1. If residue 67 satisfies every condition in (1) surrounded by 13 or more Cβ atoms within 10 Å (Cβ to Cβ); (2) within 10 Å of the chain's Cα centre (by Cα) but one, which is the exception?
2. For the range 4-25, what are the residues that are part of a loop (DSSP other than H, G, I, E, B) and either out of contact with any helix residue (DSSP H, G or I) (no Cβ under 7 Å at 6 or more places or on another chain) or at pLDDT below 95 (or both)?
3. Given (1) more than 23 Å from residue 83 (Cβ to Cβ); (2) part of a loop (DSSP other than H, G, I, E, B), where does residue 56 come up short, assuming only one miss?
4. Is one or more of the residues making up the range 34-48 loosely packed, with under 15 Cβ neighbours inside 10 Å and touching a residue at least 40 places away in the same chain (Cβ under 8 Å)?
5. Quick one: residue 61 ticks every box in (1) modelled with pLDDT of 95 or more; (2) more than 12 Å from residue 20 (Cα to Cα) bar one, so which box is it?
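The values are calculated or read from the model by the stated rules, or taken from the named source; none is laboratory data. On a predicted model such as this, the values are computed, not experimentally measured, just so you know. Cβ: placed from backbone, ideal geometry, glycine included. Neighbour counts: every protein chain shown.
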């Protein structure tokens, strides 16, 4: 997936979002709070820069992150079990291979 982050996003924030989306590696407390729509926790956990750009982070997640990787703790657990985009892609490739092999038997 191509990521077009705003210039205001720090490296740690970008890496946290990429690792979460691509590989379902749990992010830190602040990003997890953003992804679970927990405004109070996000504000409490944000450092000065992330607090300043919190609206930009929310807009980016809403507009760019796969919809099923954020929204609630339950959606995050489901995303974690999927293995992120890589896990989903690998599962689809395995399923396609198994389907093709089954047809040839």
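1. Exception for residue 67: condition (1).
2. Answer for the range 4-25, where residues must be part of a loop (DSSP other than H, G, I, E, B) and either out of contact with any helix residue (DSSP H, G or I) (no Cβ under 7 Å at 6 or more places or on another chain) or at pLDDT below 95 (or both): 4, 7, 9.
3. Residue 56 satisfies every listed condition except (2).
4. Within the range 34-48, the subset loosely packed, with under 15 Cβ neighbours inside 10 Å is 39-40, 43-44, 47-48.
Still in the list and also touching a residue at least 40 places away in the same chain (Cβ under 8 Å): none.
Within the range 34-48, not a single residue is loosely packed, with under 15 Cβ neighbours inside 10 Å and touching a residue at least 40 places away in the same chain (Cβ under 8 Å).
5. (2)
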